[in-house]
Amino acid sequence: MKGQAHRSWLGTNRVKIALGIAIFEGLLVAFEKDFSRITVIVIAVPIILFYLLAGRSVESRLGREVSWVLALSQAFAVVAVILAIILSWLALLLAGVFAAVALYLLLHDQPSDRPSQQPK
């Protein structure tokens with residue numbers, strides 16, 4: 001009975017656990033200079049492959065649940081890495097567009113030599 005309660009708790013909280021692991025891993029990558037985005041992908045590939053090739057057929061239900069949680073957490077981490085790469089490029093692109101628009105406006109809106117006439 002005790003094992004059944006443990007499995008049901010893990011079954012109901014496994015997505016939260018996977019998300020927590022992925023968030024922790026993302027924070028580790030963000031604040032540690034030794035880990036890079038490529039490191040996340042290199043770590044994730046064998047874990048996800050293990051789940052796909054062997055984790056689903058492990059005899060222990062707990063083993064299947066744990067391998068599923070680890071694979072999902074790594075999938076979340078890889079998605080976060082891909083989004084970070086895309087968003088960083090998007091941020092650079094938007095900064096370039098805004099800089100070009102600002103440059104255009106500054107060059108085409110030069111002050112004239114005569115004062116403007118304001119109606120009274």
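The values are calculated or read from the model by the stated rules, or taken from the named source; none is laboratory data. Here the structure is a predicted model, which means the values were calculated and not measured. Here Cβ is always computed from backbone atoms with ideal geometry, including for glycine, and neighbour counts include all displayed protein chains. These accessible areas exclude ligands, DNA and RNA; they are computed on the full protein's heavy atoms, side chains included. Shrake-Rupley method; radii C 1.70, N 1.55, O 1.52, S 1.80 Å.
Rounded to the nearest Hz, the phi-derived 3J(HN,Hα) couplings of segment 53-68 under the Karplus curve 6.51 cos²θ - 1.76 cosθ + 1.60 (θ = phi - 60°) are 8, 9, x, 6, 10, 5, 5, 6, 5, 4, x, 5, 5, 5, 5, 5, where x marks glycine and proline. Of LEU28, LEU92, the residue with the largest accessible area leads and the full order is LEU92, LEU28 (1.4 Å probe). Per-residue surface analysis assigns VAL69 an accessible area of about 10 Å², computed on protein heavy atoms at 1.4 Å probe radius.
Once Rh for segment 14-88 is found with the Kirkwood sum over Cα pairs, what is the Stokes-Einstein diffusion coefficient at 25 °C and 0.890 mPa s, in µm²/s? Present the calculation step by step, with values, prior to reporting the outcome.
Details: Rh = 12.7 Å.
After rounding, the answer is 194 µm²/s.
Just the number, please: carbon plus sulfur as a percent of the accessible area of segment 2-81, 1.4 Å probe, no ligands or DNA/RNA counted.
Values: 3760 of 5320 Å².
On segment 2-81, the fraction of accessible area on carbon and sulfur atoms equals 71 percent.
The stretch between LEU107 and VAL45 holds 17.3 nm of extra length on full extension. This uses 0.36 nm per residue minus the Cα-Cα distance.
All other residues with a Cβ under 12 Å from the Cβ of VAL58 taken together, and with Lys, Arg as +1 and Asp, Glu as -1, what is their net charge? Write down the numbers at each step before the final one.
Numbers: positive: ARG56, ARG61, ARG64; negative: GLU59, GLU65.
It works out to a net charge of +1.
For segment 41-98, report the accessible area per residue in Å² (1.4 Å probe, heavy atoms, rounded to an integer). Per-residue accessible area for segment 41-98 comes out at 66 Å². Per-residue 3J(HN,Hα) values for segment 71-83, derived from phi via the Karplus relation 6.51 cos²θ - 1.76 cosθ + 1.60 with θ = phi - 60°, read 5, 5, 4, 6, 5, 4, 5, 5, 4, 5, 5, 4, 5 Hz in sequence order (x marks Gly and Pro).
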